[in-house]
1. Tell me which DSSP H helices of chain B clear both cut-offs, 18 Å or more of axial length from alpha-carbon atoms and a mean Kyte-Doolittle hydropathy of at least 0.0.
2. Given the protein chains as shown and a 1.4 Å probe, how many square angstrom of residue B:206 are accessible, to the nearest 10?
3. Describe numerically, in nm with one decimal, the distance between label points set 7 Å from Cα along Cα→Cβ at residue B:217 and at residue A:112.
4. Determine the gain in length on full extension of the stretch residue A:38-residue A:12; use 0.36 nm per residue of separation and subtract their C-alpha separation, reporting nm with one decimal.
5. Using a 1.4 Å probe on protein heavy atoms, which residues of region B:74-98 have at least 30 Å² less accessible area in the complex than alone?
6. What FRET efficiency, computed as 1/(1 + (r/R0)^6) with R0 = 30 Å and r the Cβ-Cβ distance, is obtained for residue B:77 and residue B:166, rounded to the nearest 0.05?
7. Taking all protein chains in place and a 1.4 Å probe, what share, in percent, of the accessible surface of region B:148-212 do carbon and sulfur account for?
8. Please list, or write none, the lysines whose alpha carbon is within less than 23 Å of the alpha carbon of residue A:103, excluding same-chain residues fewer than 8 places away.
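The values are calculated or read from the model by the stated rules, or taken from the named source; none is laboratory data. Predicted model only: the values in this text are computed from it and were never measured. A quick note on method: Cβ atoms are made from the backbone with ideal geometry, for glycine too, and the neighbour counts reach across all protein chains shown. Ligands, DNA and RNA are excluded from the accessible area calculation, which covers all protein heavy atoms including side chains. Shrake-Rupley method; radii C 1.70, N 1.55, O 1.52, S 1.80 Å.
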Amino acid sequence: MIQPIQPAEIQRRLDSLKDQDVYIHLEMTTGAYAAHMDASKHPAATFITNAVIQYSHGSISGNGPFRVGLKMNHGWVYSEGLTHYVESEPERLILAGHDQQGKLVVSLQLSREPF
Amino acid sequence: MEQRILVVLPHPDDEAFGLSGTLAQLIDQGAYVTYACLTLGEMARNMGTPPFASRVTLPQIRRKELEESCAAIGIQDLRMLGFHDKTIEFEDKVLLDEHINALIEEVRPTLVVTFYPGYSVHPDHDATGEAVVRTVGRLPKAERPPVYCMAFSRNHEQAIGKPDISFDVRNYLKNKMDSIKAHRSQFQAGEILGDKDHTDTELLERFGTERFWTYKFD
Ligand SMILES: [Zn+2]
């Protein structure tokens, strides 16, 4: 079930996944057709999937759309624009940001098993 | 008594528009300023026009720009604390407060300047102001220096009222313009200031006053 983000629940899941190896999927896209629809738009997309990270502090902030930051040994994971999460998967954290048409713009996922 | 001012802001260039004239004036009157800049603004999207910075070179470029801006203002003591841009709100609060508290103990400021928590638009600004207010708030009441806050979020005056502190910095517009110009990767000074100089009446009108809110504890 895709639900609007409940920050307290996301914080609980972030805490339960910290200080251990987790697989991350992090993605951002403006859509392959962005420039086709509007020539002033610069199409861009990027993702990294199933990289392994470990973080010591993870938190969610904002009033929606939300931001998440994960502090790692040598750097940070940062994601902004998150609106929804998958409620029915308590073992994993599946976050996404959808625009007004419902299209995915950004996603951040964490899991103990590969995606 | 000589004023000792501690400025705590997250990004190089945060000092330029809202504070540089005031600092230049207070320094001219004998103040000693320590400016703790938490990050190097390394996640900024402005990379110069046309771009001359990369994600790899930007932090060092912005460090130089910040040093140049501080020299233009006359700031005697610049500290770059090495936190990462965009992460202040996620930082370990104990670590953040320890850094700020160590600066307060060392500098023993008679005045602290930061962003107004909750009314400063960028999450790093709000989180920096929060950390400063939290740390100063822990000091015994009699030892707390006044905290001047900058605020600029939409409708902020409805929530926090009018600024109670105002500086006429028209005599220090040259310093302020040089501070703005120093941040050349971030601002196109030509577009903001035109080819006018510090005696121009329109610039004096636009940039000649800097306003602050004294933070009210409890
Ligand atoms: Zn800033």
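1. Working: long enough: B:58-73 (22 Å, -0.41); B:93-107 (21 Å, 0.40); B:123-137 (20 Å, -0.39).
Membrane-span-like by this rule: B:93-107.
2. 130
3. 4.6
4. Working: separation 26, 0.36 × 26 = 9.36 nm, distance 4.02 nm.
So the extension gain works out to 5.3 nm.
5. At a threshold of 30 Å² (probe 1.4 Å), the residues of region B:74-98 that become less exposed are B:86, B:87, B:89, B:90, B:91, B:92.
6. Numbers: r = 26 Å, r/R0 = 0.86.
Calculated value: 0.70.
7. On the way: 1620 of 3800 Å².
After summing per-atom areas, the C and S share lands at 42 percent.
8. Straight-line reach from residue A:103, under 23 Å: A:41.
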